[in-house]
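The values are calculated or read from the model by the stated rules, or taken from the named source; none is laboratory data. This structure is a prediction, so every number in the text was calculated from the model and none was measured. Backbone-built Cβ (ideal geometry, glycine too); neighbour counts: all protein chains shown.
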Amino acid sequence: MAGCGAAPAPAPANGVEQLRVEVVEVLPHDPEAFTQGLEIARGRLYEGTGLVGRSSLRAGPVEGEPEVVVPLPEPFFGEGVTVAGSRVWQLTWRSGVAFERDPATLAERRRVEYAGEGWGLCHQPERDRLVMSDGSARLAFRDPATFAETGSVPVTEDGEPVDRLNELECVGDTVYANVWQTDEIVRIDATSGAVTARIDASGLLTAEERERADVLNGIAAVPGTGQFLVTGKLWPKMFRVNLVPAH
């Protein structure tokens with residue numbers, strides 16, 4: 001995935017590539033959506049949103065309005081989402097509850113309890129597992145059918161923990177993670193937990209747009225292209241990007 005179609009720059013001594021986003025297309029995004037999870041699956045865009053009383057799960061065409069919107073009841077604060085086969089999983093922030101939903105209708109099937117906070121979520125079908133973040137420097141692995149935790153890995157860069165891991169996107173054995181309250185995305189080897197690249201996603205919004213928006217949060221791989229969709233909480237735009245060398 002390195003470079004996503006462009007030749008990767010020589011890796012620095014520490015082995016961490018420095019990449020940036022290159023905008024290919026600008027798409028509309030609901031400026032009222034407090035984005036917590038973003039994923040493309042089965043040709044549909046799934047987006048989970050947060051805030052108590054405003055949380056939802058949405059699904060529809062990648063370019064266009066959502067066809068289905070399902071609200072979360074109070075007091076739930078929606079977080080990361082992922083599609084895992086015949087299920088959609090949606091996290092909540094501090095309620096310790098994951099919602100299992102139908103991927104077509106988004107109808108709730110059941111609720112499963114878990115310990116700690118829920119932030120980001122993605123699915124590794126090749127390993128038959130979910131990857132979950134909780135704002136720390138740890139990624140947890142979960143069974144996609146039961147949601148039971150099956151293991152974890154600490155995330156490090158040059159031996160130092162990398163925390164505030166938020167929204168996740170799985171691409172093979174690689175996990176991309178938004179770093180909360182920054183314009184950076186890190187690329188992580190999910191086996192070792194080592195950060196293999198830092199991606200600069202700054203400068204996507206104008207100064208005026210940034211005044212009304214919150215932080216970057218939302219990354220979804222565009223299947224078959226090596227490109228990604230990125231957006232943020234309360235952003236008026238979504239961007240289709242390549243990942244290219246920073247220098």
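Below, the figures for the structure above:
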{"item": "From the options 156, 174, 146, residue that is hydroxyl-bearing (Ser, Thr, Tyr), touching an Asp or Glu at 6+ places or on another chain (Cβ under 9 Å) and modelled with pLDDT of 95 or more", "result": "174"}
{"item": "Residue satisfying condition, being among the β-branched types (Val, Ile, Thr), closer than 22 Å to residue 34 by Cα and in contact with a strand residue (DSSP E or B) (Cβ under 6 Å, 6 or more places away or on another chain), within set 162, 171, 88, 153", "result": "88"}
{"item": "Complete set of residues in the range 105-117 that are assigned to a loop (DSSP other than H, G, I, E, B), free of Cβ contacts under 8 Å to residues at least 40 places away in the same chain and not acidic (Asp, Glu)", "result": "105, 107, 114, 115, 116"}
{"item": "Of residues in the range 38-79 being in a strand (DSSP E or B) and charged (D, E, K, R), the one nearest to residue 93 (Cα to Cα)", "result": "79"}
{"item": "Hits in the range 126-151 - residues which are out of contact with any Leu (no Cβ under 6 Å at 6 or more places or on another chain), of a type in the set (Lys, Arg) and either over 19 Å from residue 187 (Cβ atoms) or not in a loop (DSSP other than H, G, I, E, B) (or both)", "result": "129, 138"}
{"item": "Residue 130 vs. criteria surrounded by 15 or more Cβ atoms within 10 Å (Cβ to Cβ) and under 27 Å from residue 31 (Cα atoms)", "result": "no"}
{"item": "In the range 165-189, residue surrounded by the fewest Cβ atoms within 10 Å (Cβ to Cβ) [restricted to those that are of a type in the set (Ser, Thr, Tyr) and assigned to a strand (DSSP E or B)]", "result": "174"}
{"item": "Conditions (1) within 23 Å of residue 47 (Cβ to Cβ); (2) touching a Leu at 6+ places or on another chain (Cβ under 7 Å): number failed by residue 197", "result": "(1)"}
{"item": "Residues (over 17 Å from residue 123 (Cβ atoms) and either surrounded by 14 or more Cβ atoms within 10 Å (Cβ to Cβ) or among the basic types (Lys, Arg) (or both)) located in the range 190-204", "result": "193, 194, 195, 196, 197, 198, 199, 200, 201, 204"}
{"item": "Tabulated pairs, the range 168-185, first free of Cβ contacts under 8 Å to residues at least 24 places away in the same chain, second part of a loop (DSSP other than H, G, I, E, B) and surrounded by fewer than 24 Cβ atoms within 10 Å (Cβ to Cβ), C-beta under 6 angstrom, 6+ apart or interchain", "result": "179/164"}
{"item": "Qualifying residue in the range 56-68 (condition: on the phi < 0 side of the Ramachandran plot, touching a Ser or Thr at 6+ places or on another chain (Cβ under 6 Å) and modelled with pLDDT of 95 or more)", "result": "yes"}
